[in-house]
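First the structure, in the form of structure tokens, and then the observations on it.
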Amino acid sequence: MIRVKEITAKECYFIRHEVLWQHKAFEDCGIDIDDQEGAFHLGAYLNDELISIASFFKQNHIKFSEPNQYRLRAMATLPKGQKKGAARALLNYVFQKLQDDRQDLLWCDARIIATEFYEKLGFTKVGDLYEIPIIGPHYLMYKKIDL
């Protein structure tokens with residue numbers, strides 16, 4: 001069974017390094033806004049092992065008019081934890097949390113390989129494909145939170 005809970009930013013480093021940022025040193029797998037006000041990090045556990053993570057930041061995007069926005073960053077699942085529902089459980093948890101906190105919208109820069117997954121969970125692409133240096137091509141995606 002998948003269990004989702006809040007974790008620290010440092011608890012995200014291992015999966016960030018293994019899955020997203022192998023080009024960085026482990027100690028450089030922090031995000032400059034990991035500890036800003038309103039930021040939180042979630043982990044999905046399978047049999048008490050952390051297998052999926054994501055970070056969320058109170059950050060508005062200029063393309064959206066909604067006043068209460070959150071940004072999803074650095075979502076990743078270990079290869080051995082994929083296709084077990086961990087990332088879906090993690091996002092369903094955050095949708096409820098953002099709804100409870102009266103937030104309007106969740107947005108992210110989505111890698112091409114993740115866009116279909118996000119679309120299945122109600123996200124919509126906005127605009128054209130763009131490149132994030134070293135990381136690769138992305139789409140801007142968002143999901144409105146039903147209040």
(request) Report yes if some residue within the range 53-71 is β-branched (V, I, T) and open to solvent by less than 20 Å² (accessible area, probe 1.4 Å); otherwise report no. (result) yes
(request) Only residues in the range 130-147 that are closer than 13 Å to L98 by Cα count as the first member; pair them with residues that are in a loop (DSSP other than H, G, I, E, B) and of a type in the set (S, T, N, Q), Cβ under 7 angstrom, at least 6 apart or cross-chain, and list the lot. (result) I145/Q103
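May I ask you to say which residue of D146, D109, D128, D100 is open to solvent by 30 Å² or more (accessible area, probe 1.4 Å), modelled with pLDDT of 95 or more and over 16 Å from the mean Cα position of the chain (by Cα)? Please lay out each step first, then the result.
Values: D146 fails: modelled with pLDDT of 95 or more; D109 fails: over 16 Å from the mean Cα position of the chain (by Cα); D128 fails: modelled with pLDDT of 95 or more.
Just one listed residue meets the conditions, D100.
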(request) From (1) of a type outside the set (S, T, N, Q); (2) touching a Leu at 6+ places or on another chain (Cβ under 9 Å); (3) closer than 24 Å to Q22 by Cα, pick out the condition that doesn't hold for K125. (result) (3)
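Could you check the range 2-20 and list, in sequence order, the residues that are of a type outside the set (V, I, T) and in contact (Cβ under 8 Å) with a residue 24 or more places away in the chain? First the steps, then the outcome.
Going residue by residue through the range 2-20, those that are of a type outside the set (V, I, T) are 3, 5-6, 9-14, 16-18, 20.
R3, K5, E6, A9, E11, C12, F14, R16, E18, L20 - these are the residues of the range 2-20 that are of a type outside the set (V, I, T) and in contact (Cβ under 8 Å) with a residue 24 or more places away in the chain.
The values are calculated or read from the model by the stated rules, or taken from the named source; none is laboratory data. This one's a predicted model, so the numbers in the text were calculated from it and none came from an experiment. No Cβ is skipped: glycine too gets one built from the backbone with ideal geometry, and neighbour counts run over all protein chains shown. Note: areas computed on protein heavy atoms with side chains; ligands, DNA, RNA excluded. Shrake-Rupley method; radii C 1.70, N 1.55, O 1.52, S 1.80 Å.
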